[in-house]
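One structure below.
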Amino acid sequence: MVSGAAFFFGLVVLYAVVAVWLGRRSITMPMVFVTVGALIGSHGLGFVDFSLSTEAIKRLVEVTLALLLFADASTLNLRQIRSDAGLPGRLLIIALPLVIGLGGLLAYGLFPEEEIGFALLIGAILAPTDAALGLPIFTNRRVPVRIRRALNVESGLNDGIATPFVALFTALAVAEEAQNYSGWLTNALTEIGIAVGVGAAIGMLGGWLFSGAMKRRLTSRHTEQFGTLSLALAAYTISLVLGGNGFIAAFVGGMFFGYITQHRRHHATEFTEASGTYLSLFVWTIFGATLVIPLITAFNPLALLYAVLSLTLIRMLPVAISLVGTRLRRDTVLLMGWLGPRGLASVVFTLIAYEAFYEASRPHETLFAMAGWTILLSVLLHGFSALPLARWYAQRLKTADPAMPELVDVPDLENIHAIHNGFQQNKNLASEASGE
């Protein structure tokens, strides 16, 4: 175990040294650490043996997403997009529910032996997008600001919005497996309600405390960052103690924290975001160690087919429907539909759902196969395609009509958390990789 940890930390150092060089070759951070996990895990060289039933592993995975959900929600200033909220609004209000529904429908069609709750759970798990896997497009200044901004806002919010659906459908799926439907809906809604209440209270209280403390010079930017990290953890842990959903509490807490502070405390969440980003390295490694090789050795062709459909039809059709009437070009609609990479949120939701089935003494290998193939293919396909797609799309726009909707002049989002798995410097990496 110690040798495996030493090997892992050494690779983190090496990755940090050559990150820009790798970025120019479309090799993303998730690619690297999924590969690392597959190599050092029990199915590979056997340096480490991650058990998903271990409490420490479960908490590490959950805390990682909770920190990033808080950072996302607190730093995304919706006031900046009020003048052009149509595109991200369509993606979140129309496309996201359609993705969940269509994903559930096709999952039920391919796996009729499963219940509807399980099918909808798969749809919800694989609905959130992660901009980190398509970074060269999300940060490429040659791609119109309006398009980048819509995709960034979608990526920053859809994991938090999908979380209640994941909680609800997990409860339903476990009830179906146990053939015991007594109180599942009441329990799930109570869990969600507690989380919303805790998150709102913690976020507002923390916002007032830190705003007042900074005005009166009772604290410093350095100590405020530690306090904000603890605020995110408090929302998560207090919600769990009271029987609520920690993820929802963290997301709602971040929203209220940002609202109360009027998004003037962006620096306060930098340490929270960096901590979540660093922990995400472990999550990707755990994913690689526990899922990648078993996906191949216990190959499920229907799960692979579903993964292909999830990355194409299940995402692209709802996006196209949501954009009807916007007069966007076909290549723009195609690009926005393709840019639905499944990343960290889907990994965490998969591991947590699997743990829920495990605790009910009903391990669900089909869940791992369907979600695992989708995430793995997304890491590879979106990672390798992002840079050439950014160049292709930018080249096509050179001869476009300046009056087209894509080129409407809107302000860029300066402080948006555009990625779940990358440091702020990765924006520079993407620019260098794209030759700007």
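General remarks:
- Kyte-Doolittle at least 0.0, axis length at least 24 Å by Cα - qualifying DSSP helices, the chain: 2-24, 55-75, 145-178, 184-215, 221-241, 270-287, 365-397
- Simple spin-label estimate for Val308 and Asn180 gives 4.1 nm between the two label positions (7 Å along the Cα-to-Cβ direction from each Cα).
- Springs join every pair of Cα atoms under 10 Å in this Gaussian network model of the chain, and among Glu273, Glu55, Glu191 the largest mean-square fluctuation is at Glu55.
- Estimated FRET transfer efficiency when R0 is 22 angstrom, pair Leu218-Gln262 (beta carbons, to 0.05): 0.70
- The label-point distance for Val18 and Arg330, in a model that sets each label 7 Å from Cα toward Cβ, rounds to 4.2 nm.
- Solvent-accessible area per residue in segment 1-129 equals 41 Å², computed with a 1.4 angstrom probe and all protein chains kept.
- Cα-based shape type of the chain, given that a ≥ b ≥ c are square roots of the gyration tensor eigenvalues and the cut on a/c is 1.5: rounded
- A helix-only calculation puts the chain at -23000 deg cm²/dmol for mean residue ellipticity at 222 nm, using -39500 (n - 2.57) for each DSSP H run of at least four residues, averaged over all residues.
- Using a probe of 1.4 angstrom and keeping all protein chains present, the accessible surface of segment 213-358 works out to 40 square angstrom per residue.
- Computed over the chain: relative contact order in percent, which uses C-alpha pairs under 8 Å that are six or more apart: 32 percent
- Shown for the chain: the carbon plus sulfur share of the solvent-accessible area, taken with all protein chains present and a 1.4 angstrom probe, equals 65%.
The values are calculated or read from the model by the stated rules, or taken from the named source; none is laboratory data. The model shown is predicted, which means the values in this text are computed figures rather than measured ones. Positions of Cβ are backbone-derived with ideal geometry, glycine not excepted, and every protein chain shown enters the neighbour counts. Heads up: the accessible areas ignore ligands, DNA and RNA and are worked out on the full protein's heavy atoms, side chains in. Shrake-Rupley method; radii C 1.70, N 1.55, O 1.52, S 1.80 Å.
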